[in-house]
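Following: one structure in C-alpha cells, then a few remarks.
None of the figures in this text is laboratory data; all of them are computed from the coordinates on show. The structure presented is a predicted model; accordingly, all values stated were derived computationally and were not measured. Here Cβ is always computed from backbone atoms with ideal geometry, including for glycine, and neighbour counts include all displayed protein chains.
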Amino acid sequence: MKLPWQIVEPLDARLFSEVRHAAIFECCKWDPQVEDVCTLSSFPLMLTAEAWAELVPLAEKLANETVAAELAILQRPHLFKKLGLPWTLRRRLSAPEIASGQSRHQRLIRFDFHFTTEGWRISEANSDVPGGFNEASGFTRLMARHYGRATTSGDPTEKMAAAIGKVAGKSCTVALVHATAFADDRQVMVFLARRLEEAGHKPILVAPDHLRWENGKAFLAADWARGPVDFIFRFFPAEWLPALPRRCGWWHLLGSSETTLCNPASAIISQSKRFPLVWDELPNRLPTWETLLPKTLDVREISRHGLVPESLTFKPAFGRVGDMIKMHGLTPEKELRQINRAIRRYPQMWIAQDRFEAVPLSTPSGDMFPCIGIYTLDARVIGAYGRIARRPLIDHLAQDAAVLIAETVSQSIQNQSIDDEPLRTLQTVGA
Amino acid sequence: MNPSELYKLWAPEDSIWSNWAKPVLFADSTFVGSEPAQTTEWQSSNIAWAPAPESGTAIVLDLPGAHAVWYGMALSQRGYRPVPLYNGVVGPSLSAPSALVNAYGILNALHAVGESLATLRLPAEAPPVFLLDENRFAGGSFADPGRFDNRWWVFPQDFPSANLLLSRGIRSAVLGQDRAAGPQRDLAHVLLRWQEAGIQILTCDVNGQAQPTPLQVQRPNNFRALWYQALVLAGLRRNSAGGFGAVVPQPSSGGGFG
C-alpha cells in the first residue's frame with residue numbers, strides 16, 4: 001500500500017512565526033493557541049497528486065448520496081426519532097415544504113477522511129455547519145507560498161463567494177448568521193465576509209434572532225442593519241434553533257425559506273451520527289458511505305452482534321470537535337465513567353462504531369495522525385484542509401494543517417509504503 | 001498604527017507569554033491611521049500590593065473595562081509582562097452603541113499605551129500579568145432584541161497549563177480584583193486547576209494597601225466535567241441568540257473537525 005502523502009520539512013521558527021501572525025490578521029485565525037499547543041501546524045500535509053485524484057470522486061459521490069438520502073428521509077418523518085432529533089425539530093421537519101424547498105438551497109459539506117490500513121475511510125460528515133474556511137483558504141495559501149512544488153486543493157471561500165453571487169446576483173445582501181458572542185464562530189464569519197466584500201457583495205454579520213420573515217422571505221432587524229436579505233449563510237448549529245425566540249421564525253431556516261440558504265438546517269439529518277442507522281429503510285443504497293464509514297450500530301445492539309465495547313468507538317449523535325468520544329485505551333478513566341453514565345442514561349443519543357487502523361504520518365516531532373477534511377459545494381469538491389493530532393483522536397488539541405498537492409513525486413517517496421516502516425505503530429483512530 | 005502592529009506591541013516575538021495574547025479584540029477592529037490618545041491614567045494605579053517580579057508570581061487582573069490595561073501597564077514598570085486575554089469582539093461598528101459589553105474602551109486603552117509598553121524592553125522571561133474584563137458576561141443580563149451580543153467567558157485552555165507555569169518558575173498566582181470577592185465562575189475553573197497542581201493562589205483588592213492573602217479556590221459547578229466547555233459554548237451560542245438563560249445540557253454540533 002502506497003502512502004498518500006510526502007514528508008516535507010516544517011517551516012523554520014522565524015518564518016512560521018510570520019505565517020502565524022499573517023494567519024491571525026489576514027485570515028482571521030483568532031484562536032492560534034489552545035493551552036500550551038499552537039493550533040497551526042508548521043508543516044503542510046503534502047498529498048500526492050494520485051491520492052488527491054482518488055479522494056475527489058469519493059467526496060463527490062458521498063455528497064450526492066447524502067443529499068439524496070436527506071430528501072428521502074424528509075419524506076419519511078417516522079425516521080426522525082431514530083436519528084436522535086429533538087421533538088421540536090421532528091415536528092417542524094415534517095412540514096412538506098421543507099422537502100419541496102430543498103432544491104432552492106446550496107449544500108456545503110465537509111467529509112473527514114483518514115488514511116487507514118484498508119485505504120481511505122471517513123469518520124463523519126460535517127454536514128450542518130462546516131467551518132474551517134480560514135484554514136482551508138487563508139492559512140493554506142500562506143503555507144503554499146513556501147512550498148514551491150505544490151498547489152493548493154482549491155479555495156473554498158472564494159468558490160463559496162462565487163456560488164453565492166451566481167444564485168443571489170451581483171452586489172447581493174448576504175446575512176452571515178452565527179452566534180456573535182462566540183469568537184470561534186465569529187472568526188469564520190468575518191473571514192467569509194471579507195471575501196464576499198471583495199467579490200462585490202454586501203455581507204451582514206448577525207445572530208439568528210436578528211432575522212424576521214415575510215411571505216417566506218428573510219429580513220434583517222438588527223440595530224445596525226435592516227431590510228431584505230438575498231442569501232443566508234447559516235453558521236449556527238441546527239439543534240440550537242429551537243432555543244431561539246419565536247419572533248425570529250427560526251423554522252424557515254430548515255428549508256422552507258424562499259430566500260436561498262446555505263445550508264438548510266435540514267442538514268441535521270446527515271449531521272446526526274445516527275444517520276447510518278436509517279439507511280436500510282431508504283429506497284436507495286448509499287454505496288460510498290457504506291464502503292467508507294466504519295460499521296455503525298445502536299449502542300443497545302452491541303451484544304446482539306456479539307461485539308465487545310473495547311473493540312468499538314462510542315460517539316454522541318451530535319458530538320463536536322471530538323468531545324465525548326469513548327475509545328478504550330485512549331479515553332481517560334474518569335472521562336470513561338462520565339461517558340458510560342451518559343450512554344446508560346440516553347442510549348438513543350449515542351452510536352457505536354467499528355474502529356479503524358489509522359496510518360500515522362512521520363514528522364520531525366514524532367508520529368502524527370492526520371485527518372483530511374474535503375469540502376463539497378453542491379456535490380463538487382471546492383477545497384480541503386487537514387488536522388493532525390499526536391494521539392489517534394482528532395479533538396480540540398489537534399493542529400490545523402494546510403493540505404497541499406505535490407506537483408511531482410520523487411522516486412524514493414513514490415515507492416514508499418507502510419511496509420517500509422516496520423517500527424511504526426498503527427493505531428485505531430476516533431474522530 | 002494598524003491592528004497588526006498594535007498586536008505586535010502587546011505580543012512581541014521575544015516574550016515567552018506572547019502566544020497566549022488573544023488577538024480577537026485587535027483583529028476584529030479597525031483604527032488604521034488613527035493616532036493613539038495620549039494618556040497617563042495608568043500612572044496613578046496602585047500597585048503597592050504586587051509581589052516582586054523575581055518572586056515567581058503570575059498575576060491575573062480581573063477588573064472592569066480598561067482598568068486591567070492600566071494596572072497591567074503600571075505593573076510592566078515593575079518588570080511584569082502584560083498579556084491581554086480579551087476574547088470578545090467590539091461589535092458591528094467601533095462606537096458599537098448596541099454591543100452588550102463595551103470593548104471599545106479596552107481597545108482604546110490598549111492603543112493608548114501600546115507604544116509606551118514597547119519602549120520598556122522587558123526581558124523575555126518577565127512574569128505574566130493576564131488581563132481580563134470583569135464585565136465580560138455583561139452582568140448576565142438578557143440581550144434586548146436587535147442588540148449585538150459580544151459577551152465571552154474564559155476557559156482553562158485560554159491560559160498556560162499549570163505544568164508550563166511551574167516549568168517557567170511560577171509558583172504562585174495573585175488574583176487582582178476591584179473587591180477581593182473571589183474568582184468569577186469561569187476563572188475558578190482555571191485557578192482551581194492551578195491550585196491542584198501546586199500553585200499557590202492569592203487574592204487582593206487592587207485598590208487597597210493590603211498585601212495579597214491566600215485564597216482557597218472552591219470547586220465550581222462542572223469542574224473538570226467532560227462536557228464543561230461544550231456546555232458553556234453551547235450557552236454562548238444560546239446567549240448570542242437572544243437569551244442568557246440556563247445552559248441546556250445537550251452537546252452541540254458545529255463546525256468542529258473530526
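Summary table below
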quantity	calculated
Burial ordering of B:HIS189, A:HIS328, B:HIS111, fewest other beta-carbon atoms within 10 Å first	A:HIS328, B:HIS111, B:HIS189
Packing-based order for B:17-23, B:203-209, using average beta carbon neighbours within 10 Å, highest first	B:17-23, B:203-209
Sites A:ASP36 and A:ASP12 - FRET efficiency at Förster radius 25 Å, r taken between beta-carbons, to 0.05	0.75
Segment A:THR291-A:ALA49, extension gain: residue separation times 0.36 nm, minus the distance between their alpha carbons	84.9 nm
Ascending count of other beta-carbon atoms within 10 Å, so fewest first, for A:TYR147, A:TYR385	A:TYR147, A:TYR385
Computed over segment A:14-103: relative contact order in percent, which uses C-alpha pairs under 8 Å that are six or more apart	16 percent
Separation of the A:ARG391 and A:ASN215 label points, Cα + 7 Å toward Cβ, nm	5.7 nm
Amide H contacts under 5 Å for B:ALA180, placed H, 5+ residues apart	B:ASP205
Value of relative contact order over segment A:312-376, rounded to a whole percent, pairs C-alpha under 8 Å and six or more apart	32 percent
Residue mean of other protein chain beta carbons inside 10 Å, B:150-162	3
Other protein chain Cβ atoms within 10 Å, averaged over every residue that makes up B:18-27	6
Calculated from backbone phi, Karplus (6.51, -1.76, 1.60) coupling profile of segment A:66-74 in Hz, x at Gly/Pro	5, 5, 5, 5, 4, 5, 5, 6, 4
Average partner coverage of B:78-84, which counts Cβ from other chains inside 10 Å	0
Chain A - percent relative contact order, Cα under 8 Å, separation 6 or more	26 percent
Chain lengthening between A:GLU198 and A:GLU357 when straightened (0.36 nm per residue, less Cα-Cα)	52.9 nm
Distance between modelled label sites at A:HIS305 and A:LYS166, nm, 7 Å Cα→Cβ extension	3.8 nm
Packing rank of A:366-379, A:14-27, where each peptide gets the mean count of other beta carbons within 10 Å, highest leading	A:366-379, A:14-27
Estimated inter-spin distance, A:ARG345 and B:GLU115, nm [label 7 Å along Cα→Cβ]	5.7 nm
DSSP bridge pairs, chain A: antiparallel proportion in percent, nearest 5	75 percent
Ascending count of other beta-carbon atoms within 10 Å, so fewest first, for B:TRP10, A:TRP52	A:TRP52, B:TRP10
Karplus-derived HN-Hα couplings along segment A:160-176 (A = 6.51, B = -1.76, C = 1.60, θ = phi - 60°), whole Hz, x at Gly and Pro	5, 4, 5, 5, 5, x, 5, 7, 9, x, 5, 6, 7, 8, 10, 8, 9
Label point at A:LYS81 placed 7 Å out along Cα→Cβ; residues across segment A:340-355 whose backbone nitrogen lies under 19 Å	A:345-351
Whole-Hz couplings from phi, Karplus 6.51/-1.76/1.60, listed for segment A:123-135; x for Gly and Pro	9, 5, 10, 8, 9, 8, 10, x, x, x, 4, 4, 7
For B:LEU63, distant residues with modelled amide H under 5 Å away	B:ALA68, B:LEU132, B:GLU134
Kirkwood-based Rg to Rh ratio, segment B:46-128, C-alpha trace	1.02
Residues whose placed amide H lies under 5 Å from that of A:LEU45, excluding near-sequence neighbours	A:ALA402, A:VAL403, A:LEU404
